[in-house]
Amino acid sequence: MTLISPWRADFPGLLALDREGQTYLDSAATAQKPQTVLDALLAYYAGGAANVHRAQHLPGERATRAFEATRDKAARWLNAADREDIVFTRGATESLNLLAYGLEHLFAAGDEIVVSAAEHHANLLPWQQLAARRSLKLVVLPLTPQGDIDLQQATTLIGPRTRLLAVSQLSNVLGRRQALHTLIQQARDGGALTVVDGAQAIVHGRQDMQALGCDFYVCSSHKLYGPDGVGLLYGRRGALQRLQHWQFGGEMVQQAGYLASTFRDAPLGLEAGTPPVAGVIAFGAALDYLGSLDAQAIGNHEAALHRMLLAGLHGYAGLRLLGEPETALACFTVDGVHSGDLAHLLTEQGIAVRVGHHCAMPLLQRLGVNGAIRVSLALYNDESDLQRFFAALDKALELLR
Ligand code: PMP
């Protein structure tokens, strides 16, 4: 029996790509959106747009209510202790940049920031820049050959000068779920702040902030079946309050004067200017949609597809996987074949996969490759997508070898 996604028909964008002959296997870059998310976007604009938190008029109140309802939904989705622990940003990247600016005042020269070798540029460059501004040391945790953070080495590398640990839960290249509990505990015991990049992990299983125990957690709506231009920053009680305000303008002000001003507390104090109102409301619809589905069934479906993907890839001589991916995606190179050429031939056959350094250049360098092909899966993919991918891969390799 072939594996069919019961949720595929909920995604009009995917069906449109089907009709165009495109096989979408790039959901780790961005996901397609369910109809309910499109409906929410249209309903907001068609029903009368209004700004939030400012107006007393009916459309303004309605928009504010819907916008703030997403804060409640996001808090529930992440099992945050309080709705006020959720800050809306424009994406995971902005959340991380906000943190790197907002926490800057806590660092002194010689302090250490610890990241893993598997970080996306979004969770590396903001810290690198902060380190340069404040003369800090960036410490990089090595990985095991499978792609896990080497916990033994981490124990010695997280030390008395560590002020911050910033690591991703699921690498967008290696597809390994990191066991962050112990690391977070160790860092926190030593008095360091902890940041978790959940941009990939949150898509493949709900996360519990209170159980994870990190100070900050970031993710993007667009990978979680919501609109782009919206991100989350979760901050544990007391942690958000340590952030300095970073963007200044409308609505984040308590009292403004010509020469000096005072600012609101988080979350609104960190949400300067008009936020992406429609996007946030529609992100709420994405969370409603996901909440209405059977999480176990999604997990089983994605796991079965991933097993098929790996089994298929293992059948190719000279195909080298990066790490040992255990969920949602696989990155690979093929001996003697340029990844760019291979990607070109796959693209010509309507296969939408990603090629390149996947915004993790230092990691690819460390793995000794210039570029790799990434196949990534979402709940709407079917076995038929993989069949088309493998047929195209056969053809492409026949031409190239
Ligand atoms: N971290 C990881 C692990 C990612 O995969 C991505 C997106 N590729 C990001 C951070 C950044 O997310 P965004 O581009 O949505 O800000």
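The values are calculated or read from the model by the stated rules, or taken from the named source; none is laboratory data. Note that this is a predicted model, so its numbers are computed, not measured. Virtual Cβ from ideal backbone geometry, glycine too; neighbours counted across all protein chains shown. Accessible surface areas use protein heavy atoms only, side chains included; no ligands, DNA or RNA. Shrake-Rupley method; radii C 1.70, N 1.55, O 1.52, S 1.80 Å.
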### Query
Among (1) under 22 Å from ASP10 (Cβ atoms); (2) away from the ligand (no atom under 16 Å from the Cβ); (3) in contact with a strand residue (DSSP E or B) (Cβ under 6 Å, 6 or more places away or on another chain), which single condition is MET209 missing?
(1)
### Task
Among the numbered conditions (1) surrounded by 14 or more Cβ atoms within 10 Å (Cβ to Cβ); (2) over 19 Å from ARG366 (Cα atoms), tell me where GLN185 comes up short.
(1)
### Message
Suppose the filter is assigned by the TED database to the domain that holds GLU94 and hydroxyl-bearing (Ser, Thr, Tyr); does THR333 pass it?
### Response
no
### Query
Out of SER339, SER261, which single residue is out of contact with any Cys (no Cβ under 7 Å at 6 or more places or on another chain), in the same structural domain as GLU383 (by the TED database) and not basic (Lys, Arg)?
SER339
#### Entry: Breaking point among (1) surrounded by fewer than 17 Cβ atoms within 10 Å (Cβ to Cβ); (2) closer than 22 Å to MET308 by Cα, for ALA372
(1)
### Query
Pick from segment 16-39 the residues that are in a helix (DSSP H, G or I) and open to solvent by 50 Å² or more (accessible area, probe 1.4 Å): which of them is farthest from the ligand (Cβ to nearest atom)?
ARG19
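Residues are listed down the side, and each one gets a yes or a no for (1) touching a Leu at 6+ places or on another chain (Cβ under 9 Å); (2) away from the ligand (no atom under 16 Å from the Cβ):
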{"residue": "GLN200", "(1), (2)": "yes, no"}
{"residue": "ASP215", "(1), (2)": "yes, yes"}
{"residue": "HIS222", "(1), (2)": "no, no"}
{"residue": "GLY229", "(1), (2)": "no, no"}
{"residue": "LEU232", "(1), (2)": "yes, no"}
{"residue": "ALA239", "(1), (2)": "yes, yes"}
{"residue": "PHE248", "(1), (2)": "no, yes"}
### Summary
When segment 87-109 is checked residue by residue, the ones that are part of a loop (DSSP other than H, G, I, E, B) and either within 13 Å of the ligand (Cβ to nearest atom) or farther than 21 Å from ILE184 by Cα (or both) are ARG90, GLY91, ALA108, ALA109
### Query
Of the conditions (1) modelled with pLDDT of 95 or more; (2) over 17 Å from ARG8 (Cβ atoms); (3) surrounded by fewer than 18 Cβ atoms within 10 Å (Cβ to Cβ); (4) within 26 Å of the chain's Cα centre (by Cα), ALA330 fails just one. Which one is it?
(3)
### Search result, residues across segment 343-390 that are of a type in the set (Lys, Arg) and assigned to a helix (DSSP H, G or I)
ARG366, ARG388
### Query
Does GLY175 satisfy the criteria of being in the same structural domain as ASP150 (by the TED database), modelled with pLDDT of 95 or more and within 16 Å of the ligand (Cβ to nearest atom)?
yes
### Task
Report, by residue number, each residue of segment 165-179 that is aliphatic (A, V, I, L, M), crowded, with 23+ Cβ neighbours inside 10 Å and over 20 Å from ALA372 (Cβ atoms).
LEU165, ALA166, VAL167
#### Entry: Given (1) under 19 Å from the mean Cα position of the chain (by Cα); (2) surrounded by fewer than 17 Cβ atoms within 10 Å (Cβ to Cβ); (3) at pLDDT 95 or above, index of the condition ALA297 fails
(1)
### Message
It is to be established whether one or more residues within segment 146-165 are touching a residue at least 24 places away in the same chain (Cβ under 8 Å), within 12 Å of the ligand (Cβ to nearest atom) and over 24 Å from GLN296 (Cβ atoms).
### Response
no
### Message
Suppose we filter LEU287, LEU309 for residues that are farther than 30 Å from PHE88 by Cα and open to solvent by less than 30 Å² (accessible area, probe 1.4 Å); which single one remains?
### Response
LEU309
#### Entry: Residues that are modelled with pLDDT of 95 or more, open to solvent by 10 Å² or more (accessible area, probe 1.4 Å) and part of a loop (DSSP other than H, G, I, E, B), drawn from segment 204-237
GLN207, ASP208, GLY213, PRO227, ASP228, GLY229, ARG236
## Note on the structure
Those residues of segment 135-164 which are under 17 Å from HIS204 (Cβ atoms) and either crowded, with 22+ Cβ neighbours inside 10 Å or not assigned by the TED database to the domain that holds LEU106 (or both) amount to GLY147
